[in-house]
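Colleague: Before I ask anything, let me first share the structure, which is written out below as structure tokens.
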Amino acid sequence: MTREDVLALLDRRNAGWAARDASALAALHAQNGVVASPTGGVLEGRDEIERVYRLWMSAFPDMKTTQEDALIDGTRAVQILRMAATHSGDFFGLAPTGRHVETLMASVLTLADGLIAEERRIYDFTGVLVQVGVLRAKPVA
């Protein structure tokens with residue numbers, strides 16, 4: 001893939017996030033793609049990947065993501081996104097709290113045949129749980 005191909009894929013990914021379209025986002029992954037995620041664990045296959053996209057979008061229906069940076073090296077890329085949303089739906093068994101959530105996320109992507117073959121999602125999941133009220137932050141002494 002050329003740098004322009006990778007940038008076009010990231011643009012389609014950003015558009016999928018903006019539209020909150022789990023199917024469009026999942027279609028950017030290889031049919032047998034793999035995602036390693038703090039919330040979903042290791043997801044194998046496009047259907048499972050789409051399921052977790054849908055989970056996030058139902059828990060945070062007003063979710064907005066903004067690409068802050070993208071680093072590209074051949075068929076590997078790192079996409080840095082800022083996510084902001086309101087916890088308005090079930091989130092891993094947690095009833096909606098109405099709380100605002102923000103986090104910075106990094107997706108480390110390995111690309112093949114114009115699709116995402118592997119993705120490692122890195123973000124502060126503990127921080128998200130604190131923001132929705134599942135966990136309490138320990139006060140600094």
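Colleague: For the structure I just gave you, tell me whether Thr65 is of a type in the set (Ser, Thr, Tyr) and either under 14 Å from Glu119 (Cα atoms) or buried (at least 18 other Cβ atoms within 10 Å of the Cβ) (or both).
Modeller: The answer is yes for Thr65.
Colleague: Turning to a different aspect of this structure: List the number of the failed condition for Gln31; all other conditions in (1) within 28 Å of Leu135 (Cβ to Cβ); (2) surrounded by fewer than 13 Cβ atoms within 10 Å (Cβ to Cβ) hold.
Modeller: Status for Gln31: all satisfied but (1).
Colleague: Is there a residue in the range 73-85 that is in contact with a Lys or Arg (Cβ under 6 Å, 6 or more places away or on another chain) and either at positive phi or in contact (Cβ under 8 Å) with a residue 24 or more places away in the chain (or both)?
Modeller: no
Colleague: Would you be able to tell me the number of residues in the range 1-37 that are among the acidic types (Asp, Glu), over 17 Å from Thr110 (Cα atoms) and touching a residue at least 60 places away in the same chain (Cβ under 8 Å)?
Modeller: Residues that pass the stated criteria total 0.
Colleague: Okay, next question. Quickly run through the range 94-140 and pick out the residues that are touching a Ser or Thr at 6+ places or on another chain (Cβ under 7 Å), of a type outside the set (Ser, Thr, Tyr) and closer than 19 Å to Arg12 by Cβ.
Modeller: Those that are touching a Ser or Thr at 6+ places or on another chain (Cβ under 7 Å), of a type outside the set (Ser, Thr, Tyr) and closer than 19 Å to Arg12 by Cβ: Leu111, Ala112, Ala117, Glu118, Glu119, Arg121.
Colleague: Of Gly40, Gly98, Gly93, Gly45, which residue is of a type in the set (Gly, Ala, Ser), surrounded by 17 or more Cβ atoms within 10 Å (Cβ to Cβ) and without any contact (Cβ under 8 Å) to a residue 24 or more places away in the chain?
Modeller: Gly40
Colleague: Looking only at residues in the range 106-141 that are under 19 Å from the mean Cα position of the chain (by Cα) and among the charged types (D, E, K, R), which one is modelled with the lowest pLDDT?
Modeller: Per the stated criteria, the residue is Asp124.
Colleague: Which members of the range 105-126 meet the condition of being free of Cβ contacts under 8 Å to residues at least 60 places away in the same chain, closer than 15 Å to Leu81 by Cβ and surrounded by fewer than 15 Cβ atoms within 10 Å (Cβ to Cβ)?
Modeller: Asp124
Colleague: Any residue in the range 49-70 that is within 16 Å of Ala26 (Cα to Cα) sitting within a Cβ distance under 7 Å of a residue that is part of a helix (DSSP H, G or I) and aliphatic (A, V, I, L, M)? List the pairs, counting only those 6 or more apart or interchain.
Modeller: Pairs found: Ile49/Ala26; Glu50/Ala22; Glu50/Ala26; Tyr53/Ala22; Tyr53/Leu25; Tyr53/Ala26; Arg54/Ala22; Met57/Ala22.
The values are calculated or read from the model by the stated rules, or taken from the named source; none is laboratory data. These numbers come from a predicted model, not from an experiment. We place every Cβ from the backbone using ideal geometry, glycine too, and count neighbours over all the protein chains shown.
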